[in-house]
Amino acid sequence: MSSASIIESWVTNATAWSQAIQQEAIESRKLVTNQAMVMTIAKHQPKSLLDIGCGEGWLCRAAQKTIPSLSTIKGMDAIEALVDQAKTLSPHLAWEQKSYQDLIAGASHNQELYQIISINFALFEKELVELLLLALPNYLLENGRIIIQTLHPLMACGDAAYEEGWREGNWIGFSTAFKDPHSWYFRTMAAWVNLFCASGLILDQMQEPIHPKTGKPASVIFELVPRS
């Protein structure tokens, strides 16, 4: 599975995605996960935030409204159409089109540091994610942290075997405007924890936001700090 095919899928679905987010068409996000992510960031009262895989920028806008301590907010995404939409919706915030490969390549000479780096449902690959997590401490201020929200492994596993590996994607639950789903790399809870350890990151806190209708976890949120 190449990163190019994942990018192509998001290019194809950029407009549909922006509309779904703005219309709050994704129930789990509306009821649970959006608020959970914002509140997790807010409890640290950060002065600076970098949102990687920002899409059309909803998290940056929500953080600005909710977290008065924030003075620096920047969103990054590889998809030009999503970054353009973010600029249109919030021209007063900082946006940049940048891929994970760009972040990895620029880590050794990066000058922009942040207190919080957030990644919200935007880690789909295997090797590229491994390299990204190795690079991200270079973008953190001292005592900074990385906050990742992703699909809960137990819920995302479905009827397949609970084992790490690539899965076929789908847009079940989304509108018919979504086309050409991409594959994604499934990690068990143990695989996530092992990945963090291999990346030189300490899992400082973890939470499992519960969906109010199902009573089951809608996601998992990892809070990571670099190993000293």
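The values are calculated or read from the model by the stated rules, or taken from the named source; none is laboratory data. These figures come from a predicted structure and were not determined experimentally. When we count neighbours, we look across all protein chains shown, and the Cβ atoms used for this are built from the backbone with ideal geometry, even at glycine.
Assorted remarks:
- Residue count for the stretch 38-79, restricted to those that are free of Cβ contacts under 8 Å to residues at least 60 places away in the same chain, not β-branched (Val, Ile, Thr) and not in a loop (DSSP other than H, G, I, E, B): 13
- Taken over the stretch 57-79, the criterion of being out of contact with any helix residue (DSSP H, G or I) (no Cβ under 8 Å at 6 or more places or on another chain) and either more than 22 Å from Pro46 (Cβ to Cβ) or among the small types (Gly, Ala, Ser) (or both) is satisfied by Ser69, Ser71.
- Applying the criterion of being of a type in the set (Ser, Thr, Tyr) and closer than 21 Å to Ser118 by Cα to the residues of the stretch 13-32, the residue that is surrounded by the fewest Cβ atoms within 10 Å (Cβ to Cβ) is Ser28.
- Taken over the stretch 82-97, the criterion of being in contact with a helix residue (DSSP H, G or I) (Cβ under 8 Å, 6 or more places away or on another chain) and either crowded, with 18+ Cβ neighbours inside 10 Å or acidic (Asp, Glu) (or both) is satisfied by Leu82, Gln85, Ala86, Ser90, Leu93, Trp95, Glu96.
- The test for being in a helix (DSSP H, G or I), at negative phi and free of Cβ contacts under 8 Å to residues at least 24 places away in the same chain holds for Thr88.
- Count of residues meeting criterion [crowded, with 17+ Cβ neighbours inside 10 Å and more than 18 Å from the chain's Cα centre (by Cα)] in the stretch 201-225: 1
- Filter result for Gln35 (polar (S, T, N, Q), in contact with a Leu (Cβ under 9 Å, 6 or more places away or on another chain) and either free of Cβ contacts under 8 Å to residues at least 40 places away in the same chain or surrounded by fewer than 16 Cβ atoms within 10 Å (Cβ to Cβ) (or both)): no
- Filtering the stretch 7-32 to residues that are in a loop (DSSP other than H, G, I, E, B), within 18 Å of the chain's Cα centre (by Cα) and free of Cβ contacts under 8 Å to residues at least 40 places away in the same chain leaves only Glu24.
- Candidate set from the stretch 173-200 (those that are among the hydroxyl-bearing types (Ser, Thr, Tyr), in contact (Cβ under 8 Å) with a residue 12 or more places away in the chain and within 24 Å of Ser5 (Cα to Cα)); member that is surrounded by the most Cβ atoms within 10 Å (Cβ to Cβ): Tyr185
- Check on Leu128, touching a Ser or Thr at 6+ places or on another chain (Cβ under 6 Å), hydrophobic (A, V, I, L, M, F, W, C) and more than 19 Å from Ile221 (Cα to Cα): yes
Here is a yes/no grid of residues against (1) over 20 Å from Ala122 (Cα atoms); (2) modelled with pLDDT under 95; (3) among the acidic types (Asp, Glu):
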residue	(1), (2), (3)
His44	yes, no, no
Cys60	no, no, no
Pro68	yes, no, no
Lys74	no, no, no
Leu89	yes, no, no
Glu96	no, no, yes
Leu103	no, no, no
Ala107	no, yes, no
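- Matching residues in the stretch 100-123 - criterion: being crowded, with 17+ Cβ neighbours inside 10 Å, in contact (Cβ under 8 Å) with a residue 60 or more places away in the chain and either among the hydroxyl-bearing types (Ser, Thr, Tyr) or part of a helix (DSSP H, G or I) (or both): Tyr100, Tyr114, Ser118
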